[in-house]
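To start, the structure under review is shown below, and the notes come after it.
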Amino acid sequence: MKRFCQGDTAAFDELYTRHSATVHGFLTRMVGDRSLAEDLLQTTFLSVLRARNRFDPDAKFSSWLYAIAANAARDALRKRARTPEDFHPSEVIEQATASTMTDPSLSKRIQHALEQLPIAQREAVILHRIYGWTFEQMAEALGENPNTMRVRAHRADARLRELLGDLAEDTR
Amino acid sequence: MSLDWSKLQTTPDPSAMARVRASLQESLQQPSFAPWRETLTKTALFLTGSTALLLAATLALGQWNLPLLGLRSTTLSLLVIVQVVSCAVLIAPPKRKLNLAFAAMLVLTMLGLVVFRYDGHSSTTPPWVCTLSHLSLSVVPLLLTRSLLRQAAVTAYRGIASGALAGTLGATLGEFLCGQNAEHVALFHLPAWILAIGVGLFSSRNLRVESYAP
């Protein structure tokens with residue numbers, strides 16, 4: 001990122017190669033829609049490009065990148081909540097659940113449960129459970145304190161236990 | 001039933017990823033926003049300079065006199081600090097302590113405008129003239145702050161800062177052009193500033209941003 005800020009455009013391509021797949025995965029789980037996730041992926045990296053002078057060179061690039069992705073996803077979800085007639089949940093869950101799981105119906109069920117969570121809890125559980133981030137890493141990326149992230153993840157786990165029933169053992 | 005959460009990581013479509021990459025390559029030539037420190041300095045200087053210019057112009061026109069500067073030094077200082085801190089919240093990457101300091105300064109300054117108006121008198125001018133003038137002076141700064149808001153992810157603090165910043169111009173001129181008492185300031189100056197803050201906050205919610213960077 002430092003090289004990119006100094007004008008090395010090849011460095012931007014390296015950043016995209018390194019981070020795009022996981023950012024895309026995060027966005028897909030957040031919005032439950034692959035094609036929207038692709039749009040948001042472009043928006044996220046475009047934001048990196050335009051706002052590179054806002055990046056603190058002493059900070060972790062991945063934290064900043066996921067903060068951008070989370071902001072973009074939140075905005076898209078808010079807009080979607082305002083225009084529900086454009087959103088068809090059964091279609092998007094189908095698209096979103098092509099994961100590495102051998103049981104696609106399970107993946108679909110979990111995605112559906114994720115969709116029931118408030119945005120902030122959804123972020124917390126996706127980053128913590130699916131991508132293995134610590135609360136400190138999440139706090140740094142999302143501009144919150146680690147205890148807030150811990151509480152959100154805990155509440156998300158509790159809600160997922162209600163929604164996923166027989167899978168509850170794994171959310172304790 | 002055991003659940004491996006890591007298996008919920010999705011696999012992206014390679015052709016879609018390549019499409020996004022190609023599109024981003026085309027955008028590489030687009031200019032980036034200016035460094036935020038530079039924007040912050042220029043904006044703060046522009047706004048405090050404009051305020052100083054307006055005060056000088058009204059002084060030259062005989063709207064107020066120099067001894068009033070001494071009387072209003074405390075509130076003027078508070079307003080300048082709010083202007084600069086509002087700029088920082090609006091333009092700089094977010095910091096929790098800065099946001100809290102901004103909120104505290106804003107409340108303190110609003111209280112200060114009332115508490116330090118102990119020399120006020122009554123007037124025949126309709127009181128709503130102050131509210132209207134204060135609000136109309138907020139319009140141009142509110143439009144300016146919209147372009148600054150679009151350069152990063154909108155937050156409630158940034159929205160409030162845009163309105164607070166826009167309102168400082170009217171609040172400052174109100175200190176020198178209106179000689180009415182504390183009650184008048186509380187009922188007709190502060191609501192205008194609060195309304196400017198409300199406009200800044202609510203209009204920021206639906207703003208189409210150019211970047212989602214914090």
Restrict the check to region A:32-52 and report whether at least one residue is in a loop (DSSP other than H, G, I, E, B), modelled with pLDDT of 90 or more and open to solvent by 10 Å² or more (accessible area, probe 1.4 Å).
no
Cβ-Cβ distance below 7 Å, separation of 6 or more or different chains: which pairs start in region A:2-25 with a residue that is at negative phi and touching a residue at least 24 places away in the same chain (Cβ under 8 Å) and end on one that is open to solvent by 30 Å² or more (accessible area, probe 1.4 Å) and in a helix (DSSP H, G or I)?
A:PHE4/A:ARG52; A:CYS5/A:ARG52; A:TYR16/B:ARG21
Looking at region B:33-48, which of its residues are surrounded by fewer than 17 Cβ atoms within 10 Å (Cβ to Cβ) and not aromatic (Phe, Trp, Tyr)?
B:ALA34, B:PRO35, B:ARG37, B:GLU38, B:THR41, B:LYS42, B:LEU45
Qualifying positions in region A:1-24 - modelled with pLDDT under 90 and at the interface with another protein chain (Cβ under 8 Å from one of its Cβ atoms)
A:THR9
Just need a number here: residues in region A:106-132 that are within 12 Å of another protein chain (Cβ to nearest Cβ), surrounded by fewer than 20 Cβ atoms within 10 Å (Cβ to Cβ), in a helix (DSSP H, G or I) and among the small types (Gly, Ala, Ser).
0
Return the residue satisfying two criteria in turn: it lies in region B:80-94 and is small (Gly, Ala, Ser) and part of a helix (DSSP H, G or I), and of such residues it is nearest to the chain's Cα centre (by Cα).
B:SER86
Do you know which residues across region A:53-70 are within 10 Å of chain B (Cβ to nearest Cβ) and either part of a loop (DSSP other than H, G, I, E, B) or without any contact (Cβ under 8 Å) to a residue 12 or more places away in the chain (or both)?
A:ARG54, A:PHE55, A:ASP56, A:ALA59
Does A:THR17 meet the test of being closer than 10 Å to A:ALA69 by Cβ and open to solvent by 20 Å² or more (accessible area, probe 1.4 Å)?
no
Exclusive hit being within 14 Å of chain A (Cβ to nearest Cβ), touching a residue at least 24 places away in the same chain (Cβ under 8 Å), farther than 22 Å from B:ALA34 by Cα and charged (D, E, K, R), set B:ARG158, B:ARG205:
B:ARG205
Would you mind stating whether A:ARG74 is basic (Lys, Arg) and under 20 Å from B:PRO31 (Cα atoms)?
no
Please count how many residues of region B:4-54 are of a type outside the set (Val, Ile, Thr), assigned to a helix (DSSP H, G or I), in contact with a Phe, Trp or Tyr (Cβ under 8 Å, 6 or more places away or on another chain) and within 30 Å of B:ILE91 (Cβ to Cβ).
1
Pairs returned, first residue in region B:50-77 that is closer than 24 Å to B:LEU111 by Cα, second residue that is small (Gly, Ala, Ser), beta-carbon separation under 9 angstrom, 6 or more apart or interchain, are B:TRP64/B:GLY179; B:LEU68/B:GLY179; B:THR74/B:GLY112; B:THR75/B:GLY112; B:THR75/B:ALA171
Of the residues B:LEU98, B:LEU113, only one is touching a residue at least 40 places away in the same chain (Cβ under 8 Å) and out of contact with any strand residue (DSSP E or B) (no Cβ under 7 Å at 6 or more places or on another chain); which?
B:LEU113
For the structure I just gave you, tell me whether A:LEU27 is surrounded by fewer than 22 Cβ atoms within 10 Å (Cβ to Cβ) and not acidic (Asp, Glu).
no
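The values are calculated or read from the model by the stated rules, or taken from the named source; none is laboratory data. Computed from a predicted structure; not experimentally measured. In this analysis, Cβ positions are derived from the backbone assuming ideal geometry, glycine residues included, and neighbour counts consider all displayed protein chains. Remember, those area values only see protein heavy atoms, side chains included, never the ligands or the DNA or RNA. Shrake-Rupley method; radii C 1.70, N 1.55, O 1.52, S 1.80 Å.
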